[in-house]
Amino acid sequence: MSTRKRLSPLDMMFLYGETSNSKMHVAALLPFTPPKDALADYLRRLIDDARGHEVVAPWNRKLAHHRLQYSPIHSWVVDDNFDFDYHVRRSALASPGDERELGILISRLHSNHLDLSRPPWELHIIEGLEGGRFAMYMKIHHSLLDGYTGMKALARSLSTDPDDDDTRLFFNVPIPTRARPEASPSNPLLGAIGGVGSALTGGVGAAVGLGRALVNTQIRRDGDYARLANSAQAPHSILNAHISRNRRFATQQYSIARLKALGAAHDATLNDVALSVIAGGLRRFLQELDELPDQSLVAFLPVNIRPKDDEGGGNAVGAILVAMGTDIADPVERLTNISAATRVSKAQLQTMSPTAIMAYSAALLAPAASQIAGAVTGIRPPWPYAFNICVSNVPGPRETLYLRGSRLEATYPVSIPMHGMALNITLQSYADTMNFGFVGCRDKLPHLQRLAVYTGQALDELEAATPAPARRSRR
């Protein structure tokens with residue numbers, strides 16, 4: 001049996017997108033509270049135990065020909081000289097390290113490339129946090145796994161039992177396999193060409209669904225379809241700049257019950273409320289920089305289109321465009337507009353096959369190629385951009401999890417900014433919380449941590465504008 005595993009053309013897009021300034025890796029920051037009776041060498045024992053177990057696929061795979069970045073064919077092969085201490089590293093903050101110092105370290109680690117001559121992942125175990133806490137920063141190239149699959153792998157390495165001492169780190173735990181289509185779709189922006197081709201070869205039904213959806217979005221502007229954002233609606237903004245190699249990372253965490261109460265009061269979803277407070281935070285952040293466009297910023301929202309029981313591997317994502325209402329000062333009006341737009345967009349996707357959804361997403365975002373080219377060359381195209389920002393939501397574990405007695409406090413995603421998209425915001429649910437990860441270009445978006453603070457203020461403003469009885473009656 002061959003040990004080679006071919007990359008799909010869409011997964012290879014993430015290799016092609018790797019440049020000195022645009023890095024195609026995703027990551028997660030996981031802070032933990034150790035058990036009260038943890039020994040001084042608790043973390044050393046954890047790492048030594050992991051070293052003694054087999055590193056399983058896909059964590060032991062590297063590219064067969066990493067120097068041929070733009071090859072039309074790429075394969076994963078087993079790394080027979082796997083270097084455990086290269087991939088699993090211990091770091092420490094000057095104790096007691098606070099959240100700001102942790103964010104600075106993560107910003108620095110996320111600015112560095114993964115070595116594509118090795119299996120493209122790293123795990124940094126960070127000690128010295130306040131209260132004897134520690135954190136893990138898990139970093140993976142997007143060509144190896146997407147965020148959905150990475151979250152599944154993480155959950156399998158943790159336990160709901162705080163007394164479970166047998167859990168192993170994620171790279172020691174096999175990922176279940178199941179039959180699935182070979183041509184798995186990738187990030188909708190990088191997979192544009194492949195996605196359109198998939199629909200045109202996917203049958204008459206998919207092609208008809210694609211055509212109808214594009215007419216509704218790009219041409220038809222009456223009734224509910226007027227709420228659909230099209231590919232020529234986003235304004236020019238500082239968010240669409242040429243980025244540097246340097247990153248800045250910030251976090252926020254909110255109670256899911258708090259967000260859901262607001263959604264119930266305004267007939268909106270949890271994601272609608274999250275997008276609304278992000279828009280409110282962006283509005284103030286860009287006003288302070290004197291960079292707020294008169295028109296609303298447009299976000300593209302990746303949509304997971306896997307079956308519920310799919311364990312993942314590769315990339316399977318569609319997308320919709322949504323006007324964020326950053327031109328609207330009133331927080332309730334902003335949420336109402338966002339909710340109406342996402343409702344129409346999702347209703348349209350529900351009428352389409354997965355293949356048509358992939359192609360629709362690709363065609364919708366295809367004009368983004370010009371904004372990336374413009375960011376790289378410095379020549380700003382005269383037409384509007386396809387979008388200004390990516391906001392994605394990766395479902396996480398619903399129960400509190402433990403790593404050999406250490407309680408997982410949060411799961412903060414760290415995603416990918418790129419030329420033409422200097423800011424990426426990813427949400428991840430965990431237990432009863434929603435965790436926000438803000439990652440952007442340090443040089444184009446100064447003081448990015450303020451954006452995280454301003455989303456909290458936007459949430460407070462939305463609550464203040466929502467009658468308390470309405471929030472309570474709909475919990």
Exercise for review: Give the residues of segment 56-83 that are outside any loop (DSSP other than H, G, I, E, B), within 27 Å of the chain's Cα centre (by Cα) and hydrophobic (A, V, I, L, M, F, W, C), sorted by residue number.
Suggested key: 63, 76, 77
Point to revise | Subset of segment 457-475 that is at pLDDT 95 or above and either part of a helix (DSSP H, G or I) or among the basic types (Lys, Arg) (or both) - its residue that is surrounded by the fewest Cβ atoms within 10 Å (Cβ to Cβ) | key: 464
Point to revise | Those residues of segment 423-456 which are among the aliphatic types (A, V, I, L, M) and part of a loop (DSSP other than H, G, I, E, B), in sequence order | key: 431, 445, 448
Point to revise | segment 33-55, residues that are part of a loop (DSSP other than H, G, I, E, B) and out of contact with any Phe, Trp or Tyr (no Cβ under 7 Å at 6 or more places or on another chain) | key: 35, 36, 37, 38, 39, 40, 41, 52, 53, 54
Check your understanding: If you scan segment 58-114, which residues turn out to be in contact with a helix residue (DSSP H, G or I) (Cβ under 8 Å, 6 or more places away or on another chain), crowded, with 17+ Cβ neighbours inside 10 Å and more than 22 Å from residue 146 (Cα to Cα)?
Key -> 93, 97, 103
Point to revise | Residue that is surrounded by the fewest Cβ atoms within 10 Å (Cβ to Cβ) [pool: residues in segment 254-299 that are aliphatic (A, V, I, L, M), over 23 Å from the mean Cα position of the chain (by Cα) and over 20 Å from residue 444 (Cβ atoms)] | key: 264
Practice item. Using the structure shown, decide if residue 58 is assigned by TED's automatic domain parsing to the domain that holds residue 89 and under 28 Å from residue 427 (Cα atoms). Key: yes
Review point. If you check every pair at least six apart or on different chains, which have Cβ atoms under 9 Å apart with a residue in segment 100-128 that is of a type in the set (Ser, Thr, Tyr) first and a residue that is crowded, with 17+ Cβ neighbours inside 10 Å and outside any strand (DSSP E or B) second?
Key: 107/442; 107/448; 111/23; 111/442
**Study point:** Scan of segment 231-243 for residues that are among the polar types (S, T, N, Q) and either surrounded by fewer than 21 Cβ atoms within 10 Å (Cβ to Cβ) or over 23 Å from the mean Cα position of the chain (by Cα) (or both), ordered by number
**Key:** 233
Review point. Considering only helices (runs of 4 or more DSSP H) fully contained in segment 191-289, which possess at least 3 residues that are modelled with pLDDT of 95 or more?
Key: 256-265, 270-288
Check your understanding: Can you name the residue in segment 77-99 that is touching a residue at least 24 places away in the same chain (Cβ under 8 Å) and of a type in the set (S, T, N, Q) and is also nearest to residue 120 (Cα to Cα) among such residues?
Key -> 91
Check your understanding: Of all residues in segment 314-340, which are of a type in the set (Gly, Ala, Ser) and either modelled with pLDDT under 90 or touching an Asp or Glu at 6+ places or on another chain (Cβ under 9 Å) (or both)?
Key -> 314, 316, 318, 319, 325, 339, 340
Check your understanding: When residue 428 is evaluated against the numbered criteria (1) closer than 19 Å to residue 279 by Cα; (2) modelled with pLDDT of 95 or more; (3) not acidic (Asp, Glu), which criterion, by number, is the only one it fails?
Key -> (2)
Practice item. Considering every residue within segment 24-31, establish whether at least one is under 25 Å from residue 424 (Cα atoms), assigned to a loop (DSSP other than H, G, I, E, B) and touching a His at 6+ places or on another chain (Cβ under 9 Å). Key: yes
Study note, to complete from the structure: Filtering segment 116-142 down to residues that are under 22 Å from the mean Cα position of the chain (by Cα) and not in a strand (DSSP E or B) yields 116, 119, 120, 142
Check your understanding: How many residues does segment 115-151 hold that are in contact with a helix residue (DSSP H, G or I) (Cβ under 6 Å, 6 or more places away or on another chain) and charged (D, E, K, R)?
Key -> 1
Check your understanding: If we scan segment 302-313, do we find a residue that is of a type in the set (Asp, Glu), modelled with pLDDT under 90, out of contact with any Lys or Arg (no Cβ under 7 Å at 6 or more places or on another chain) and not in a helix (DSSP H, G or I)?
Key -> yes
**Study point:** All positions within segment 1-23 that are touching a residue at least 12 places away in the same chain (Cβ under 8 Å), in a loop (DSSP other than H, G, I, E, B) and under 14 Å from residue 76 (Cα atoms)
**Key:** 3, 4, 7, 8
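The values are calculated or read from the model by the stated rules, or taken from the named source; none is laboratory data. Keep in mind the model is a prediction, meaning the values are calculated, not measured. Here the Cβ is made from the backbone with ideal geometry for all residues, glycine too, and neighbour counts use every protein chain on show.
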